[in-house]
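Please treat every number below as a calculation from the coordinates, not as lab data. Remember, predicted model here, so these are calculated numbers, not experimental data. All Cβ positions, even for glycine, are placed from backbone atoms using ideal geometry, and neighbour counts span all protein chains on display.
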Amino acid sequence: MKKYGFGVDIGGTTCKIGLFETSGALVEKWEIPTRKENDGENILPDVAAFIAAKMVEREILKGEIQGVGIGVPGPVTSEGVVVRCVNLGWDVINVAKEMTERTGFAIKVGNDANVAALGEMWQGGGKGHTSVVLITLGTGVGGGVIIDGKIVTGNKGAGGEIGHIIVNHQETESCGCGQKGCLEQYASATGIVRMARQRLKASSDASVIRDRNPLTAKDIFDAAKAGDALADEVVEDMARILGEALANVARVINPEVFVIGGGVSRAGSIITDRVKKYYDAKSFSACLDAHFELATLGNDAGMYGCVRMILED
């Protein structure tokens with residue numbers, strides 16, 4: 001008898017839900033709206049109702065479901081308790097307990113970036129490795145750490161918050177977290193644009209990105225690839241800051257592979273090659289053999305990781 005699992009990646013706008021065979025094969029995926037009104041009280045009932053309806057539609061028996069994994073955009077403890085999730089309107093909520101009561105299935109819950117890292121380890125850019133660090137470069141910088149195939153959750157569920165490593169003690173602008181000089185202020189899409197605007201303001205050099213409005217990270221990487229000197233300097237700065245930060249991460253984690261994902265990663269090898277260069281220059285000698293790969297699962301990584309969680313026991 002085939003066994004199945006559901007992977008549920010709860011986002012601020014939609015919940016991505018995937019039905020998987022426990023082999024890792026994605027059978028089908030859907031999205032349902034994330035109803036955040038009334039402090040998000042409808043989110044978990046909606047997910048439970050969808051799973052029940054989908055099982056009826058596909059004629060899947062309860063005994064064929066190994067469990068449900070859930071990813072949440074906030075800190076999650078190892079017991080499946082969400083410790084405040086502003087994006088969903090939640091305060092402290094025991095997601096594992098509530099969903100077990102609603103579905104009758106084994107439930108595993110994790111932070112969305114952490115479960116995405118687990119997904120990339122299982123079926124994506126980190127496949128074949130068991131010690132993986134995922135860095136997601138999007139509007140912000142997310143991170144997930146996998147050691148010996150297990151998510152590093154941390155005491156309050158905040159393990160893997162790589163984007164908030166302090167990399168510049170002279171920074172005067174505040175990060176969204178309230179600190180100053182976080183990696184996120186330089187390596188995210190918004191951070192790259194911020195650095196480009198600062199360089200454009202300080203320089204009169206000609207550049208194809210000077211008159212771009214709005215200016216995007218993609219514009220900057222495209223210009224750098226085309227030989228624009230100013231854009232290339234911005235990319236080089238970003239790669240240096242990220243590479244040196246990951247060299248410090250490696251001193252603690254010593255992963256086999258760094259997987260770089262998020263929208264910015266679509267720039268491709270210009271990121272991995274340059275980040276690796278600066279990583280190598282600052283790396284502890286025992287960490288020099290770490291690989292750098294691009295994520296391959298895209299927005300599905302969280303669903304894959306959610307299912308992988310339920311296979312761990």
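Listed by position, the helices (runs of 4 or more DSSP H) inside segment 213-313 whose residues that are out of contact with any Asp or Glu (no Cβ under 6 Å at 6 or more places or on another chain) and within 30 Å of Q66 (Cα to Cα) number at least 1 are 301-310. The C-beta contact set for segment 45-61 (first residue within 14 Å of G104 (Cβ to Cβ), second residue in a loop (DSSP other than H, G, I, E, B) and among the β-branched types (V, I, T), distance under 9 angstrom, 6+ apart or interchain) is empty.
Just to be sure before I move on: is N87 more than 14 Å from the chain's Cα centre (by Cα), part of a loop (DSSP other than H, G, I, E, B) and closer than 29 Å to M238 by Cβ in the structure I sent? No.
All conditions but one from (1) surrounded by 14 or more Cβ atoms within 10 Å (Cβ to Cβ); (2) of a type outside the set (S, T, Y); (3) in a helix (DSSP H, G or I) apply to V56; the one that does not is (1).
Just so you know, in segment 78-94 the residues that are within 18 Å of K36 (Cβ to Cβ) and in contact with a helix residue (DSSP H, G or I) (Cβ under 7 Å, 6 or more places away or on another chain) include one that is surrounded by the most Cβ atoms within 10 Å (Cβ to Cβ), and it is V82.
Beta carbons closer than 8 Å, at least 6 apart along the sequence or on distinct chains, pair a first residue in segment 2-29 that is without any contact (Cβ under 8 Å) to a residue 24 or more places away in the chain with a second that is of a type in the set (V, I, T) and surrounded by fewer than 23 Cβ atoms within 10 Å (Cβ to Cβ) for T13/T34; T14/I32; T14/T34; E21/V27. Exactly one condition in (1) within 20 Å of the chain's Cα centre (by Cα); (2) crowded, with 21+ Cβ neighbours inside 10 Å is false for K218; which is it? It is condition (2) that K218 fails. Does C182 count as free of Cβ contacts under 8 Å to residues at least 12 places away in the same chain and surrounded by 14 or more Cβ atoms within 10 Å (Cβ to Cβ)? Judged against the criteria, C182 is not a match.
How many residues are more than 19 Å from V86 (Cα to Cα) and among the hydroxyl-bearing types (S, T, Y) if we restrict to segment 1-55? Counting residues in segment 1-55 that are more than 19 Å from V86 (Cα to Cα) and among the hydroxyl-bearing types (S, T, Y) gives 3. Given the criteria surrounded by fewer than 24 Cβ atoms within 10 Å (Cβ to Cβ), under 20 Å from A295 (Cβ atoms) and either without any contact (Cβ under 8 Å) to a residue 12 or more places away in the chain or among the aromatic types (F, W, Y) (or both), does W122 qualify? It is true that W122 is surrounded by fewer than 24 Cβ atoms within 10 Å (Cβ to Cβ), under 20 Å from A295 (Cβ atoms) and either without any contact (Cβ under 8 Å) to a residue 12 or more places away in the chain or among the aromatic types (F, W, Y) (or both).
When only residues in segment 125-134 that are within 14 Å of L297 (Cβ to Cβ) and not small (G, A, S) count, which is surrounded by the most Cβ atoms within 10 Å (Cβ to Cβ)? Residue satisfying both the conditions and the ranking: L134.
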